[in-house]
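**Q** If you scroll down you'll find the structure; I have some questions about it.
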Amino acid sequence: MVVRTSSSPSTPITSPAAALSALRESAPLTQCITNAVVTNFTANALLALGASPAMCDIPGEAGMFAGLAGGVLVNLGTPTAEQRDAAREAVRAGTPWVLDPVAVGALPVRTALAHELLDARPAIIRGNASEILALAGAGAGGRGVDTTDATDDALGAARALAARTGGAVAVSGPIDLIVDADRTARVPGGSALLTRVTGGGCALGAAMAAFAAVVSPVDAAITASVVWAVASERAASAARGPGSFAVAFLDELAAVRPSDLDARVEGSR
Amino acid sequence: MVVRTSSSPSTPITSPAAALSALRESAPLTQCITNAVVTNFTANALLALGASPAMCDIPGEAGMFAGLAGGVLVNLGTPTAEQRDAAREAVRAGTPWVLDPVAVGALPVRTALAHELLDARPAIIRGNASEILALAGAGAGGRGVDTTDATDDALGAARALAARTGGAVAVSGPIDLIVDADRTARVPGGSALLTRVTGGGCALGAAMAAFAAVVSPVDAAITASVVWAVASERAASAARGPGSFAVAFLDELAAVRPSDLDARVEGSR
Amino acid sequence: MVVRTSSSPSTPITSPAAALSALRESAPLTQCITNAVVTNFTANALLALGASPAMCDIPGEAGMFAGLAGGVLVNLGTPTAEQRDAAREAVRAGTPWVLDPVAVGALPVRTALAHELLDARPAIIRGNASEILALAGAGAGGRGVDTTDATDDALGAARALAARTGGAVAVSGPIDLIVDADRTARVPGGSALLTRVTGGGCALGAAMAAFAAVVSPVDAAITASVVWAVASERAASAARGPGSFAVAFLDELAAVRPSDLDARVEGSR
């Protein structure tokens, strides 16, 4: 697996290895306002990685907590009324935050909220191709969490969103695509078993929020994608099916070393 | 393990093998309005089986989404106010839906909702004997999710409910009992370890909703029960306890082949 | 690992072995009003242990259910408005209940609720040192669920809380500290991997609620801590990382025998 990047020379680049070391040194407090399906897996993935998760998601606390956190995730998978208000509080705290617009497009409540939250400029937007297309106004949305579009079909939409927010946009797929104003990176590799376990993508968004506490948004998105690719490949090699894969994936997130990531990077600026 | 069925000759029967093949070909979008305890396990079980889960459970989206889904589960385990309204929307969409009346009888909020939802004619009702008896007005309910009654004690109640809804009723227990207007089937086998893991029964209800997208309600209920029996037996043979059993069960749901189910069926019409 | 206790001679002491036998004989119905992150793991831990979990947490049902339960847990990790009202109902039922004041101190909604609920005299309060200090008014609270204080720093605060409630207080850490009016016990041992899995502490609070259905509050707190120490040590010996540790921990909770606990106890009254 190789990460191919192209960017303008003015953009500082932190290597995934350095970013992972930085995360493990600081164990950034990472607040997750996320859906009920994946909250346990997300917290365990962050703990395994070396971050410190906190699922503070009620109005009256979420904004204050976001001020203490190093990174914030807002995932719209099951957006209850309280979570919607909590998200509105949290994104105003000035902390780098990640928007995961799950199933946006077809469903009106989350779609309206996603567009409203965009004004608070997420440091990173992470979704599949259908979600990124829908959020940019260029597609109709996928089928729930399933994408019906190919990653590179969303390149223009991702760039348009990045231009609007000033941050990074990550399109998840067989080859992850990450863009910001200066760079376009692709992270191949990983295992298809990640798509047979709920929360693989949602937890990736949370990892991006954790990395955003220690490096730039685009570096955070790239590093999280590289870590996911390495850990999922290793987990898949030992797994008997999706159940044992999910367990092994958490083990591998804890075991991955910064030096495991370096050989994976190749890029031009 | 043998499935014994008796039914009138006019009822078309899809074999469990054919039903599983059909599910894997279409990967039906399966909407789950379910309790907070089991939502992750349920989504993973559906993914392992080959269905496409979506836990869309808020008012303003649930009804619309149910129109897109192939099957819908309404599980009353932790029925928040928003989930209750979401359920009311979803059952009106015209999509086959499964009612899992968790702990109905003793607890007033869910009991009232279960009776209200019955008017929307669930394609399948799935519960333990105490829940089926309570829903039919023939018992006082169990002790939370525990059943205090034997499966066959609920045969009359199951038939009465099936007559009322025009659908199928599945009573879970050491021997699963499935009835509709024409058939009475029993699915023995499975592993008691399923009762030592939370969500085994709840995820079974979700699997019935997924199968209901591709075959008739009664065939959906029978097939899901057969798959559960086969996968839980295999998982138990390798498990060291309930933790490793749950992991192996997901692996086995993914590994089970249609041909593994055929030898399990024996019936008279 | 050794449990060191000192207490007045008037206090009856049930050995952890006897307490575990009693729990497995009666499988006490244990109601959990707990956070969305850990509800699945908590239910599975209780099932593995031999208790009967029920996550009944909505207003209009929680109070009635608490009257049927043998023990109740109120965990403030993600306290939605409905859960707050459910907790208010449940603690008035007269059933022994455990307060787990997650992240109390820094966050206003849960902090106000924790102080309000104290008036209903929890049989057991379980938290980390920062949480116990904050609840007693002697500290500012930790960093989310992370403690920033050492266990024994909270000894005075724990005793003050125990004097106020008439119950037991358990301070979780590398060495667990349990106090009530008559006794001070320390439970060393366990595995640091428990802190790399979300819900290890939250599920411990639930286990204390289950044991409180069969033995005195202080014996319930001690026994649950001893079981956690034994099971986590055994699970760690076989684990490859936090994912496989969590699975093995559930297996070990089911496998632990009363006689495994006896050799662990040493105390003076």
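**Q** At 222 nm, what helix-only mean residue ellipticity would chain A give, in deg cm²/dmol to the nearest 500, using -39500 (n - 2.57) for each DSSP H run of four or more?
**A** So the calculated ellipticity at 222 nm is -14000 deg cm²/dmol.
**Q** Still on this structure: From the phi angles alone, apply the Karplus equation (6.51, -1.76, 1.60; θ = phi - 60°) to the range B:66-75 and give each ³J(HN,Hα) in whole Hz, x where the residue is Gly or Pro.
**A** Result, ordered by residue: 4, x, 8, 6, x, x, 10, 10, 10, 10 Hz.
**Q** Additional query: Is the shape of the range B:59-113 best called rounded, prolate or oblate, per the rule: a/c under 1.5 gives rounded, else a/b larger than b/c gives prolate, else oblate, with a ≥ b ≥ c the square roots of the Cα gyration tensor eigenvalues?
**A** Note, shape of the range B:59-113 comes out prolate.
**Q** Please label the shape of the range C:69-227 as rounded, prolate or oblate, based on the square roots a ≥ b ≥ c of the eigenvalues of the alpha-carbon gyration tensor (a/c under 1.5 means rounded; beyond that, a/b larger than b/c means prolate, else oblate).
**A** Rounded, since a/c falls under 1.5.
**Q** Which of the three applies to the range A:95-135, rounded, prolate or oblate, going by the alpha-carbon gyration tensor with a ≥ b ≥ c and a/c under 1.5 meaning rounded?
**A** Verdict is oblate for the range A:95-135.
**Q** What is the average number of partner chain Cβ atoms found within 10 Å of a Cβ in B:39-51?
**A** Averaged over the peptide's residues, the number is 5.
**Q** If R0 is 60 Å, what FRET efficiency do you get for C:His115 and B:Ala181 from their C-beta distance, rounded to 0.05?
**A** 0.55
**Q** Something else about it: For A:Gly156, go 7 angstrom from Cα along the Cα-to-Cβ vector, then report the distances to that same point in the other copies in nm, smallest first.
**A** Listed shortest first, these distances are 6.9, 6.9 nm.
**Q** Let me ask you something else. Considering only DSSP beta bridges whose two residues both sit in chain C, what percent are antiparallel, to the nearest 5?
**A** 35 percent
**Q** Follow-up. Write down the accessible area per residue of the protein assembly as shown in Å², having rolled a 1.4 Å probe over the full set of protein chains.
**A** Per residue, the protein assembly as shown has 31 Å² of solvent-accessible surface.
**Q** Under a 5 Å amide H to amide H cut-off, with H placed in plane at 1.01 Å, what residues pair with B:Asn128 once short-range neighbours are removed?
**A** Counting only residues 5 or more places away or on other chains, the set is B:Ser172.
**Q** What are the distances, in nm and sorted shortest first, from the label point of B:Ala138 to the label points of the same position in each other copy, with each label point placed 7 Å from Cα along the Cα-to-Cβ direction?
**A** Distances to the matching label points in the other copies: 6.0, 6.0 nm.
**Q** Continuing with this model, one more query. Which of the residues in the range A:243-264 show a loss of at least 30 Å² in accessible area from their chain by itself to the complete set of protein chains, at a probe of 1.4 Å?
**A** A:Gly243, A:Val247, A:Asp251
**Q** Suppose R0 equals 60 Å. What FRET efficiency, 1/(1 + (r/R0)^6) with r the Cβ-Cβ distance, do C:Ala163 and A:Asp262 give to the nearest 0.05?
**A** Working from the Cβ atoms, E equals 0.60.
**Q** Computing the accessible area with a 1.4 Å probe over protein heavy atoms, can you report the carbon and sulfur percentage for the protein assembly as shown?
**A** The nonpolar share, carbon plus sulfur, comes to 54 percent.
**Q** Positive end of the charge dipole of chain A (Lys, Arg +1 and Asp, Glu -1 on Cβ, about the Cα centre): tell me which of A:Val230, A:Met208, A:Val91 has its Cα farthest that way.
**A** Among A:Val230, A:Met208, A:Val91, the one farthest towards the positive end of the dipole of chain A is A:Val230.
**Q** Ordering B:Thr111, B:Thr195 by accessible area with a probe of 1.4 Å, largest first, what comes out?
**A** Largest accessible area first, the residues go B:Thr195, B:Thr111.
**Q** Could you list which residues have their amide H under 5 Å from that of A:Val187, counting only those 5 or more apart in sequence or on another chain, with H placed in the peptide plane?
**A** Counting only residues 5 or more places away or on other chains, the set is A:Asp176, A:Leu177, A:Ile178.
**Q** With only alpha-carbon atoms counted, please give the Rg and Dmax of the protein assembly as shown, in Å.
**A** According to the Cα coordinates of the protein assembly as shown, Rg and Dmax are 25.5, 77 Å.
**Q** Moving on to the next point. If amide H atoms are built 1.01 Å from N in the plane of the peptide, which residues on other chains or at least 5 residues away come under 5 Å of the amide H of C:Gly77?
**A** C:Asn35, C:Val102
**Q** Still on this structure, please answer the following. Need the per-residue list for the range C:100-140: every residue with at least 20 Å² less accessible surface in the complex of protein chains than in the chain by itself, probe 1.4 Å, sorted by number.
**A** Residues shielded by partner chains are C:Ala106, C:Leu107, C:Pro108, C:Val109, C:Arg110.
**Q** For the range B:3-267, state what percent of all Cα-Cα pairs lands in each successive 10 Å bin, counting from 0 Å until the bin that includes the largest distance.
**A** 8, 35, 40, 17, 1
**Q** Next question, about the same structure. Interface A/B, total buried accessible area with a 1.4 Å probe, nearest 100 Å²?
**A** 2100 Å²
**Q** Moving to a separate point now. Compute the whole-percent fraction of alpha carbon pairs in the range B:140-242 spaced more than 25 Å apart.
**A** In whole percent, the share of Cα-Cα pairs in the range B:140-242 beyond 25 Å is 18.
**Q** I need the helices of chain C that pass two filters: whole DSSP H segments spanning 20 Å or more by Cα along the axis, and mean Kyte-Doolittle score no lower than 0.0.
**A** Helix filter hits for chain C: C:217-238.
The values are calculated or read from the model by the stated rules, or taken from the named source; none is laboratory data. The structure displayed is predicted, hence computed values, not measured ones. Using ideal geometry, Cβ is built from the backbone for each residue, glycine included, and neighbour counts are taken over all protein chains shown. Accessible surface is based on the protein model in full, side chains and every heavy atom, while ligands, DNA and RNA are left aside. Shrake-Rupley method; radii C 1.70, N 1.55, O 1.52, S 1.80 Å.
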